[in-house]
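Colleague: Please read through the structure below; I'll follow up with questions.
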Amino acid sequence: MTPGMWTGSILALPTLALAVAPHARARAADCGHLPRPVATRAVPNDNRSAVGVLANGVLTVRLVARPAAWYPDGRDGCGLTVHAFAEEGQAPRIPGPLLRVPAGTELRVTIRNALDKPIWIRGLEDRSVDRLDSVAIAVSASREFRYQATVPGTYFYWGGDGDAAVPRSNVDGQLVGALIVDSSGGPAPDRIFTLTRWARPAEPGLPLYELNAINGLSWPNTERLEVVQGTPVRWRIINASNFVHYMHLHGFYFTILSTGNAVREHPRGARPVVEVTEAVNDGGTFMLQWTPERAGNWLFHCHLAIHMSTDQRLDRMPGARLAGDRKGHDPTTPMGGLVLGITVHAAPGAGAVTRVPATARRQLRLFADVRENVYGPEPGYGFVLQDDGRAPARDSIRMPGAPIVLTRGEPVRITVFNRLPYPLTVHWHGIELERSYFDGVADFSGEPGHTAPAIAADDSFVVEFTPPRAGTFIYHVHDGPQEHLVSGLYGPLLVVDPGSPPDPAREHTFVLSEAGPAGLRVKLRADVTGDLTALERFGPTLFINGSATPEPLELVAGTTYRLRFVSIPANAGLRITLEGPDGPQQWRLIAKDGADLPPQPLRRARLFPGVGETSDFEFTPATSGELWLELADVVNAALETAGTPTRLLIRVRDRPHPD
Ligand SMILES: [Cu+2]
């Protein structure tokens, strides 16, 4: 959705060699692959309390930049030596101490450099400027930053080597802190979540590796949020890293109140976007608000498969004893990284969810199947709906999964049969489920003490819900190795208004994904080596509707179509364009993530779909001729593409004349 984001290199190439028993479980983490940190342990910072002394309109703070031992996987996890900020005389904090003041406050922030190199500080100045200055502090020197904070907003400050426009993912990647300037009305109750990143320095022979954290911690050690049903929640998200993230909320829509970066915040004003996934660029910020209307356990996470995978945990990095556990399902926690768990407690007096008897529900039977040798020697997976009295053959797969078409307000009961050789989870992406038990996060969805397990091999699981909103949604495997997703475990989920079934003559759905596990790996390898020619040699690395060579489509000139785009790659940055011989076509965005939008202008037909976003457009081809829908792989922050795009030919016919 958001142009300007970047979606290039995913710096992790998991080793595939070592296999461990699927139920192997580290007690204390095995950290022999990492040097033992020697610095003082950093305290994870939940950004709840600001530091400094505020008196007579002046905030006085003394900070020190120093080495710190960071434990993103919690007390018993592995540690890294990084650079971090501390209050003078206190333990270092990751992320750094929160600075929070009312607009008009004078800040007097002293920073002492206790690192063994000079550092450049950014972000400690008023936001009446267009770009931030870097201010150097020599080794062992101190410097006072003194200014009046006049512009309210969600900002951050950071240290690093010279010209870094955003914090890098090197040893300085945790040398960042949130800086909030509240408007004169005072702060609304909120929470602040800072996303930071670390990547292992490139070394010959070592696979590149990255990890990401929320307020200094990686799932399952991230804070478990406790909120009360019916009470609105307001969060400020600060992407203090050099990579884009696609932040997705389960079960609820949120409203974007503002977006911005370290310099500027833009309120969204009268026409806020309502959605379930927000792309936040490197160095970007956003503020969201949502109301947890339904009790239970829910998630907020980055939808990049790699950023929510166990690879994010230090005891799973390449070279670690547990590395390479790619095929097995880890029952203790099948995720890691940028994942927050939220428990919504029932409001006092809130009634139970009304139960609709199974017999009053529309019944669907959905099979997860496997077929050998679909991607070369590798199997393909797929979701198949039973459409007559008999179960489909065990090796019948569909790419992408069978479209599931539901009716708004009609209770449905979907029995999911797992015919894969390992446990399965299915998430109903964008659906406002009444009960989190059906949400598809293994051993988490449900209520504390009553959670849904993964669906075991050759077992089944019944999912019940009543979709309250018509739109374009996704269903997909949730936890587990990203190879499962890209091998076919995703499909479009359409909800239509009662009495308006989808009109195949007037609407088309395009599911966008990676070209199977080989396509995923060639991309990861190209990212790691920086050698994009591997992409060229491979051919198309992306699928439109499960194919790198999709069938042509026929449209009729002068007819208005609804085009639904479902973006569900594991990690790829995508660009969609619709062009004819005379150049780009024009279309009108009508819905995002399944939520209808207020009237939008006609725009150039180009889209940078984020991972886990859906977009619906209206398109009216003007004249007969040939058009191309092109799906390309975005490889850098400048939104440049590389490799062989996947193209779908659209033949536009003249409207038949009545004669
Ligand atoms: Cu991410």
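Values quoted throughout were computed directly from the atomic coordinates according to the rules given, and no laboratory measurement underlies them. Bear in mind the structure is a predicted one, so any value in this text is a computation, not a measurement. Methodologically, a virtual Cβ is constructed for each residue, glycine included, from the backbone with ideal geometry; neighbour enumeration extends over all protein chains shown.
Colleague: Which ³J(HN,Hα) values in Hz, rounded to whole numbers, follow from the phi angles of region 220-236 under the Karplus curve 6.51 cos²θ - 1.76 cosθ + 1.60, where θ = phi - 60° and Gly and Pro get x?
Modeller: x, 9, 4, 4, 8, 7, 10, 10, 10, 3, x, 9, x, 10, 10, 10, 9
Colleague: Return the ratio Rg/(2.2 N^0.38 Å) for region 214-305, where Rg is computed over Cα atoms only.
Modeller: After normalising by residue count via 2.2 N^0.38 Å, the value is 1.08.
Colleague: Under 8 Å for C-alpha pairs, at least 6 residues apart: give me the relative contact order for region 152-255, rounded to a whole percent.
Modeller: Dividing the mean separation by the residue count of region 152-255 yields 30 percent.
Colleague: Something else about it: Counting only DSSP beta bridges with both residues in the chain, what percent are antiparallel, rounded to the nearest 5?
Modeller: Just about 75 percent of them are antiparallel.
Colleague: How large is log10 of I(q)/I(0) for region 439-490 at q = 0.14, 0.15, 0.18, 0.22 Å⁻¹ when the intensity is taken from the Debye formula with one equal scatterer per alpha-carbon?
Modeller: One equal scatterer on each Cα of region 439-490 leads to -0.48, -0.55, -0.78, -1.06.
Colleague: Using Cβ counts within 10 Å as a stand-in for footprinting exposure, how do Leu607, Leu304, Leu555 rank, fewest first?
Modeller: Lowest count first: Leu555, Leu607, Leu304.
Colleague: Provide the percentage of antiparallel DSSP beta bridges, counting only those with both residues in region 352-422; round to the nearest 5.
Modeller: Bridges in region 352-422 are about 50 percent antiparallel.
Colleague: At a 4.7 angstrom Cβ threshold, list every cysteine in the chain that has nobody to pair with, or say none.
Modeller: Lacking a cysteine Cβ partner under 4.7 Å: Cys302.
Colleague: Still on this model: About the Cα centre, and with charges only on the beta carbon of Lys, Arg (+1) and Asp, Glu (-1), how big is the dipole of region 122-253? Nearest 20 debye, please.
Modeller: Here region 122-253 has a charge dipole of around 200 debye.
Colleague: Pulled fully out, how much extra length does the chain show between Asp395 and Asp76, if you take 0.36 nm times their separation in residues and subtract their Cα-Cα distance?
Modeller: Answer, rounded to one decimal: 110.5 nm.
Colleague: Find the relative contact order for region 455-594 and round it to a whole percent, using C-alpha pairs within less than 8 Å whose residues are 6+ positions apart.
Modeller: Computed value for region 455-594: 28 percent relative contact order.
Colleague: Once amide H atoms are placed 1.01 Å from N in the peptide plane, what residues at a sequence separation of 5 or more from Ile590, or on another chain, have their amide H within under 5 Å of its amide H?
Modeller: Result for Ile590 returns Asp616, Phe617, Glu618.
Colleague: With an 8 Å Cα cut-off and a minimum separation of 6 or more residues, compute the relative contact order for the chain in percent.
Modeller: Reported relative contact order: 12 percent.
Colleague: List every residue whose amide H lies under 5 Å from the amide H of Arg100, counting only residues 5 or more places away in sequence or on a different chain, with H placed 1.01 Å from N in the peptide plane.
Modeller: Answer set, sorted by chain and number: Val51, Ile180.
Colleague: According to the Kirkwood expression over distinct Cα-Cα pairs, how big is the hydrodynamic radius of the chain, in Å?
Modeller: 25.9 Å
Colleague: Treat the count of other C-beta atoms within 10 Å as a stand-in for reagent exposure and order Lys523, Lys592, Lys117 from fewest to most.
Modeller: So the ranking, lowest neighbour count to highest, is Lys117, Lys592, Lys523.
Colleague: Placing unit charges on C-beta atoms (Lys and Arg positive, Asp and Glu negative, everything else neutral), compute the dipole magnitude of the chain about its Cα centre in debye, rounded to 20.
Modeller: 900 debye
Colleague: Quick one: Karplus J couplings for region 510-524, per residue in order, coefficients 6.51, -1.76, 1.60, θ = phi - 60°, nearest Hz, x for Gly and Pro?
Modeller: 10, 9, 10, 7, 6, 7, x, x, 5, x, 4, 5, 5, 5, 4
Colleague: Rounded to the nearest Å, what's the spacing between the alpha carbon centres of region 536-591 and region 203-272? Just the number, please.
Modeller: Taking the Cα centre of each part, region 536-591 and region 203-272 sit 29 Å apart.
Colleague: Quick one: Cα centre-to-centre distance for region 57-103 and region 389-414, in angstrom?
Modeller: Centre-to-centre (Cα) distance: 50 Å.
Colleague: Could you tell me which of Ile111, Ser128, Asn170 has its Cα farthest along the dipole of region 59-171 towards the positive end, charges placed at Cβ (Lys, Arg +1; Asp, Glu -1), taken about the Cα centre?
Modeller: Sorting the options by dipole projection puts first Ile111.
Colleague: Residue-wise, which Karplus ³J(HN,Hα) couplings in Hz belong to region 409-414, taking 6.51 cos²θ - 1.76 cosθ + 1.60, θ = phi - 60°, and x for glycine or proline?
Modeller: Per-residue couplings from phi come out as x, 9, x, 10, 10, 10 Hz.
Colleague: Within 10 Å, count the other beta carbons around each residue, average over each peptide in 40-50, 133-143, and list them highest first.
Modeller: Highest to lowest by the protection proxy: 40-50, 133-143.
Colleague: Pull out a ≥ b ≥ c, the square roots of the eigenvalues of the alpha-carbon gyration tensor of region 70-122, then state rounded if a/c is under 1.5, prolate if not and a/b is larger than b/c, and oblate in the remaining case.
Modeller: oblate
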